[in-house]
Amino acid sequence: MSSDLLDALNALEEQKGISRDVLIEAIEAALVTAYKRNFNQAQNVRVDLNLDKGSIRVFSRKDVVEEVEDDRLQISLEDAKVINPAYQLEDIVEQEVTPRNFGRIAAQTAKQVVTQRVREAERGLIYEQYVDREDDIVTGVVERLDARNIYVGLGKVEAALPVNEQIQGESYHPHDRIKVYITKVERTTRGPQVIVSRTHPGLLRRLFEMEVPEIYEGIVEIKSIAREAGDRSKISVFAHNEEVDPVGSCVGAKGARVQTIVNELNGEKIDIVEWSEDPVVFVANALSPSKVLDVQVNEEEKSTTVVVPDYQLSLAIGKRGQNARLAAKLTGWKIDIKSETDARELGIYPSATSTFIPAHDEESDFDDVAVDLYQDDEE
């Protein structure tokens, strides 16, 4: 048993990174418990596991005292000196008490301890592997579904995709490959628990980092994201190099880059707008695909009044107010949208403090696509 166990411990140390000495200490502690349980012994004992010699020995440990109160834990000084004249008070006397059939029990116990420690070590390695991947995107395979969660295989661990993290209207089937965003990794008694999401704004950020080299390399930066998962999202981007078009980089040739992300999110509409430190410009951009005539800013209340052409009022507000709501989330500014006619009647447009936002004289191909995508917002 000792030779096989020694080989197994050496292999575990190399393959799993579990120290042999740590395993031996754990086995010895487990053997003490096994000895007391199997031989109804309440005495203080020590197990010596010597794999090199192939021996397993059990020693009772008794304190040397003047007057014995419990002979299972104590021994008188007189009796101790019979064993060895050198013993003094408060010394510990050890005597071998190894049972004849203890080897079989030891083998079973050692196997259980090693199996348990290997399982714990593997769980620890998995936890360490995935805790560093929080806020990252991974590709997994749908393994099973229940009433509350979808379980996604990520290799050595099964991640849970809760109902509130699933995109409404998406259907999932076993063996489907999906991209998910890791939101949380926790230690539990059953091993590491990984929680993933399909609705988190971070998923959109990571998808753009994967598809747009300029973002991955730091040339273009995603400044903010507003997302209503499964329906529509807005992201603001900024280029650190003036010669780079941040929006065009994200859209790609003929919309190829953004379309790949839209397909991954099963048709979720995505507005890409240019970020600006000027709230007038940023708010106007955020209301894309609507054209904006004027933006008036109230710094104290962090609010804006936006004037749009009459025929684009519905587009600016969006279906059920979605476009305006997402623009407000994206910019961090409150947005009150007025039609040009209403603004003139209220006397707020044009005004001395108004900032005119000229409409584009020429619309890009992407603008045409965007208006076409969102023409149903005017309903």
Just need a number here: residues in segment 200-233 that are of a type in the set (A, V, I, L, M) and assigned to a helix (DSSP H, G or I). 5
Applying the selection to segment 236-247, what residues are in contact (Cβ under 8 Å) with a residue 40 or more places away in the chain and out of contact with any Leu (no Cβ under 8 Å at 6 or more places or on another chain)? 247
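Tally time: how many residues in segment 74-84 are part of a helix (DSSP H, G or I) and not β-branched (Val, Ile, Thr)?
First, pick out the residues of segment 74-84 that are part of a helix (DSSP H, G or I): 77-83.
Checking the rest, the ones that are also not β-branched (Val, Ile, Thr) come to 77-81.
Qualifying residue count for the region: 5.
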Requiring at least 1 residues that are touching a residue at least 60 places away in the same chain (Cβ under 8 Å) and more than 11 Å from residue 140 (Cβ to Cβ), the strands (runs of 3 or more DSSP E) wholly within segment 154-199 are 177-188, 191-197
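Select, from 46, 37, 20, the only residue that is over 22 Å from residue 95 (Cβ atoms) and either assigned by TED's automatic domain parsing to the domain that holds residue 72 or at pLDDT below 75 (or both). Working first, answer last.
Details: 46 fails: over 22 Å from residue 95 (Cβ atoms); 37 fails: over 22 Å from residue 95 (Cβ atoms).
Only one candidate passes the filter, namely 20.
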If you scan segment 46-73, which residues turn out to be basic (Lys, Arg) and not in a strand (DSSP E or B)? 53, 72
Residues satisfying the stated conditions in segment 272-305, i.e. in contact with a Leu (Cβ under 8 Å, 6 or more places away or on another chain) and at pLDDT below 95: 289, 290
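Any residue at all in segment 123-143 that is of a type in the set (Phe, Trp, Tyr) and in contact with a Lys or Arg (Cβ under 8 Å, 6 or more places away or on another chain)?
Residues of segment 123-143 that are of a type in the set (Phe, Trp, Tyr), as a first pass: 127, 130.
From what is left, the residues that are in contact with a Lys or Arg (Cβ under 8 Å, 6 or more places away or on another chain) are 127.
Yes, there is a match, as at least one residue in segment 123-143 is of a type in the set (Phe, Trp, Tyr) and in contact with a Lys or Arg (Cβ under 8 Å, 6 or more places away or on another chain).
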Considering residues of segment 142-193 that are more than 25 Å from residue 228 (Cβ to Cβ) and of a type in the set (Val, Ile, Thr) only, the residue surrounded by the most Cβ atoms within 10 Å (Cβ to Cβ): 185
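Just checking: which of the strands (runs of 3 or more DSSP E) contained wholly in segment 267-347 hold 2 or more residues that are over 30 Å from residue 255 (Cβ atoms) and out of contact with any helix residue (DSSP H, G or I) (no Cβ under 7 Å at 6 or more places or on another chain)? Steps first, answer last, please.
Values: elements: 269-274, 294-298, 303-308, 334-339.
The strands (runs of 3 or more DSSP E) meeting that bar are 294-298, 303-308, 334-339.
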Of the residues 165, 96, which is under 30 Å from residue 49 (Cβ atoms), of a type in the set (D, E, K, R) and out of contact with any Cys (no Cβ under 9 Å at 6 or more places or on another chain)? 96
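The values are calculated or read from the model by the stated rules, or taken from the named source; none is laboratory data. Just so it is clear, the structure is predicted and the values come from calculations on it, not from any experiment. In this analysis, Cβ positions are derived from the backbone assuming ideal geometry, glycine residues included, and neighbour counts consider all displayed protein chains.
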